[in-house]
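Student: Here it is, the structure in full.
The values are calculated or read from the model by the stated rules, or taken from the named source; none is laboratory data. Please read all numbers here as calculations on a predicted model, not as lab measurements. As a convention, Cβ positions derive from the backbone with ideal geometry for all residues, glycine included, and neighbour counts pool all protein chains shown.
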Amino acid sequence: MTRLWLFVAALLAVMPAPADAQARRTQPRQPRIEVGVGAGTLGGLSLGERDASLKSNSTTAAPFRLFATDTNLDPAAGLEVRLGYRTTRRLTVEGTLALARPTLMSSLSADAEGAAPVDATTTLTEYVITGGALWKLSVNPRRRWTPFVSGGAGVARHVHDGQTLIESGVDSYVGGGILYSLKQRVGLRFDGRAHFLNGGIAEGEGVSPRGAAAGSVFVLF
Amino acid sequence: MMRRRLVLALCAMMATATPASAYLQLSATLTGGVKVIKWGRSPVRWFSTNASASGVTAAEFQQTMNTAFGTWEAVPTADITFQFAGFTNAPPGEDDGLSVLGFERHDDLDRTLAATGFSIDMLTGAIIESDIFFNTTFGWSVSGAPNAFDLQSVATHEIGHFLGLGHSLLGETEMQAGGGRRVIAAASVMFPIAFSRGVTTDRELQPDDVAGVSVTYPVGDFAQDTGSMQGRVRLGGRGLFGAHVVAFNLRTGDLVGGFSLNAEGEFLIGGLAPGIYAVRVEPLDDADADSFFDEPGIDVNFKVALYDRVVAVPKGGSTDRFDVTVQPK
């Protein structure tokens, strides 16, 4: 008798009941499109220290420094808009547009003829357009918090005031963060990223790293 | 054809009513207005004299001139070539239609190593003939000997004039006890005072020289690939004439200079690589003003200033005009 019950139980386990199959077919489609809007900070960049140098009137002397410069792109607050597509429960591919208005500052000092040191500045608009992927490290539906890692690459464009000079570079990033579910289709996202800029405002500096942090609200459709 | 001979012992000339591009392009007020002095044909044929100097044969002189011409010809953004036409007994300085380079002795010019003169078309400003003499009052060397001036370095400077470039003020000097100035350092072959004996640094062009020759003889796409900055130098609400304006490329470290060229203090520095620049303004006090301008009224009584804005030079265009305000000494 015991054997029979075991056999029946095994059958039930491997053959889905017609009623269960019907229920799955009518289950609502999982939302896959994710739209996010947020704000954050894009970190600063060192663009190098350089001397304005003249060639010395000697076969051996070091170059003559006319003045010194130390140029940096300051950190700046910015906006971020993101569109994602959840290809699987863990993987989302996404595109992001980030905008910021950082100040480019060059500290001019040590003038050979005693000119007063100044911080020369200009403002530029930075657009970073990237495509990337987000991988959820866990998919437990009972937890509101979901950690993730992300990475991607794209284009950074730096438009100087007056739009007289536009420079483009390659921006790539790796990062991670937390997704926090507020409702079934609405949540918060917190990102921390390391960006690597090659070209653009950092032309000639090789690959320039900088940090970024952002918080956003996302909605699933 | 109307011709006029203009001898430039130290290349004084210039100072026009409207801004010209960077450095100093030589120009003159001719029939029909201000004209830039430049060659209208290429290759430019030149002759070498048979004269030698102590330590330098005529053949070595010709070879050295050839190398110096080649230095300017090798600028990839400039479209000008030269052709050695042969040796001649004609001295430099004759109004004979031949461009002649050679040694001459001028004991009266005890501070002039070399000089360049022109014959120009008075309608167009086109150079018809240009001669250069190298003063054998001084000792010369083609090998960088420590007790003589480097012939190739000085030739490179004079050929800059031969092409129509004026002097650059990208240099620092100090007064000497016996009078005159000594160069401490320079960032242009076209700085008016030569480096000391034995120094061969001026054999190589610097960014200021390259910009100057490229603006004067641009290759086809030069204007589209480079940009310019423009502005005014102001002191107490008025313009400053003859202020030296230096553009420093914050990425490449290149220095290119220019001048404010009218009573409004307007300047225009062309031939700049697109990018971000710091700007420095200084008085014309590191050389004699008359080796740059033939007009009086150069105001040197102001302090050196570093402009408080980073200037973004676009590709194929110019910056908006900006004002640099300086303070009196």
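Student: Hey, any hits in region B:187-198 for a residue that's buried (at least 23 other Cβ atoms within 10 Å of the Cβ) and among the polar types (S, T, N, Q)?
Tutor: yes
Student: Looking at region A:65-164, what strands (runs of 3 or more DSSP E) fall wholly within it and have at least 1 residues that are away from every other protein chain (no Cβ under 14 Å), out of contact with any helix residue (DSSP H, G or I) (no Cβ under 6 Å at 6 or more places or on another chain) and farther than 26 Å from B:THR226 by Cβ? If you could, list the steps in order and put the result at the bottom.
Tutor: On the way: elements: A:76-86, A:91-100, A:103-109, A:118-136, A:145-160.
Here the list reads A:76-86, A:91-100, A:118-136, A:145-160.
Student: If you take just the strands (runs of 3 or more DSSP E) that sit entirely in region B:8-85, which of them hold at least 1 residues that are at pLDDT 95 or above?
Tutor: Strands (runs of 3 or more DSSP E) meeting the threshold: B:44-49.
Results for (1) over 19 Å from A:SER107 (Cβ atoms); (2) out of contact with any strand residue (DSSP E or B) (no Cβ under 7 Å at 6 or more places or on another chain), shown as yes or no for each residue.
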position	(1), (2)
B:SER291	yes, yes
B:ASP308	no, no
B:VAL311	no, no
B:PRO314	yes, no
B:ASP320	yes, yes
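Student: Here's another thing I want to ask about it. I'm trying to understand the selection: among the residues of region B:174-194, which are within 9 Å of another protein chain (Cβ to nearest Cβ) and assigned to a strand (DSSP E or B)?
Tutor: B:ARG182, B:VAL183, B:ILE184, B:ALA185, B:ALA186
Student: Let me ask something else. So which residues in region A:146-178 are under 15 Å from the mean Cα position of the chain (by Cα) and of a type in the set (A, V, I, L, M)?
Tutor: Selection gives A:VAL149, A:ALA153, A:VAL155, A:ALA156, A:VAL170, A:VAL174, A:ILE178.
Student: Now a separate question. What are the pairs, 6+ residues apart or on separate chains, where a residue within region A:128-154 that is without any contact (Cβ under 8 Å) to a residue 24 or more places away in the chain and under 28 Å from A:ALA77 (Cα atoms) has its Cβ under 8 Å from a residue that is part of a strand (DSSP E or B) and among the polar types (S, T, N, Q)?
Tutor: A:ALA153/A:THR130; A:ALA153/A:SER172
Student: If you don't mind, there's one more thing I want to ask. Inside region B:155-172, can you point out the residues that are more than 14 Å from every other protein chain (Cβ to nearest Cβ) and of a type outside the set (Asp, Glu)? Please lay out each step first, then the result.
Tutor: Residues of region B:155-172 more than 14 Å from every other protein chain (Cβ to nearest Cβ): B:155, B:158-167.
B:ALA155, B:ILE159, B:GLY160, B:HIS161, B:PHE162, B:LEU163, B:GLY164, B:LEU165, B:GLY166, B:HIS167, listed by residue number.
Student: Find all pairs meeting these conditions: Cβ atoms under 6 angstrom apart; at least six residues apart or on different chains; first residue within region A:194-212 and without any contact (Cβ under 8 Å) to a residue 40 or more places away in the chain; second residue among the hydroxyl-bearing types (Ser, Thr, Tyr) and crowded, with 19+ Cβ neighbours inside 10 Å.
Tutor: Partner pairs satisfying both residue conditions: none exist.
Student: Could you list, ordered by first residue, the pairs with Cβ atoms under 6 Å in which the first is in region A:29-51 and within 14 Å of another protein chain (Cβ to nearest Cβ) and the second is part of a strand (DSSP E or B) and of a type in the set (A, V, I, L, M, F, W, C), at least 6 apart or interchain?
Tutor: Within 6 Å, the pairs are A:LEU45/A:LEU73; A:ASP51/A:ALA68.
Student: Given the options B:ARG238, B:ARG203, name the one that is surrounded by fewer than 21 Cβ atoms within 10 Å (Cβ to Cβ), within 14 Å of chain A (Cβ to nearest Cβ) and either closer than 26 Å to B:THR156 by Cα or not hydroxyl-bearing (Ser, Thr, Tyr) (or both). Step through it out loud before you land on a result.
Tutor: Details: B:ARG238 fails: within 14 Å of chain A (Cβ to nearest Cβ).
Unique residue meeting the criteria: B:ARG203.
Student: May I ask you to verify whether B:VAL311 is within 30 Å of B:GLY220 (Cα to Cα) and at the interface with another protein chain (Cβ under 10 Å from one of its Cβ atoms)? If you could, list the steps in order and put the result at the bottom.
Tutor: On the way: within 30 Å of B:GLY220 (Cα to Cα): yes; at the interface with another protein chain (Cβ under 10 Å from one of its Cβ atoms): yes.
Spelling it out, B:VAL311 is indeed within 30 Å of B:GLY220 (Cα to Cα) and at the interface with another protein chain (Cβ under 10 Å from one of its Cβ atoms).
Student: Report whether or not B:GLY198 is more than 15 Å from B:GLY270 (Cα to Cα) and free of Cβ contacts under 8 Å to residues at least 24 places away in the same chain.
Tutor: Spelling it out, it is not the case that B:GLY198 is more than 15 Å from B:GLY270 (Cα to Cα) and free of Cβ contacts under 8 Å to residues at least 24 places away in the same chain.
Student: Related question: Does any residue of region A:42-55 turn out to be under 47 Å from the mean Cα position of the chain (by Cα), at pLDDT below 50 and not charged (D, E, K, R)?
Tutor: There is no residue in region A:42-55 that is under 47 Å from the mean Cα position of the chain (by Cα), at pLDDT below 50 and not charged (D, E, K, R).
Student: Please list, ordered by first then second residue, the pairs with beta carbon atoms under 9 Å, 6 or more apart or interchain, first in region B:306-320 and on the phi > 0 side of the Ramachandran plot, second surrounded by 22 or more Cβ atoms within 10 Å (Cβ to Cβ) and assigned to a strand (DSSP E or B).
Tutor: Hits for this filter: B:GLY316/B:GLY227.
Student: B:VAL142 versus (1) in contact with a strand residue (DSSP E or B) (Cβ under 9 Å, 6 or more places away or on another chain); (2) surrounded by fewer than 24 Cβ atoms within 10 Å (Cβ to Cβ); (3) farther than 15 Å from B:MET65 by Cβ: which is the lone unmet condition?
Tutor: (3)
Student: Under 7 Å between Cβ atoms, which residue pairs at least 6 apart in sequence (or on different chains) link something in region B:248-269 that is within 14 Å of another protein chain (Cβ to nearest Cβ) with a partner that is among the aromatic types (Phe, Trp, Tyr)?
Tutor: The qualifying pairs are B:PHE248/B:TYR277; B:ASN249/B:TYR277; B:LEU250/B:TYR277; B:LEU255/B:PHE248; B:GLY257/B:TYR23.
Student: Does B:THR325 qualify as being at pLDDT 90 or above and facing chain A (nearest Cβ under 8 Å)? Break it down into steps so the answer makes sense when it comes.
Tutor: Details: at pLDDT 90 or above: yes; facing chain A (nearest Cβ under 8 Å): no.
Answer is no for this residue.
Student: Take region B:273-313 and flag every residue that is within 17 Å of A:THR121 (Cα to Cα) and assigned to a loop (DSSP other than H, G, I, E, B).
Tutor: Hits for region B:273-313 are B:TYR307, B:ASP308, B:VAL310.
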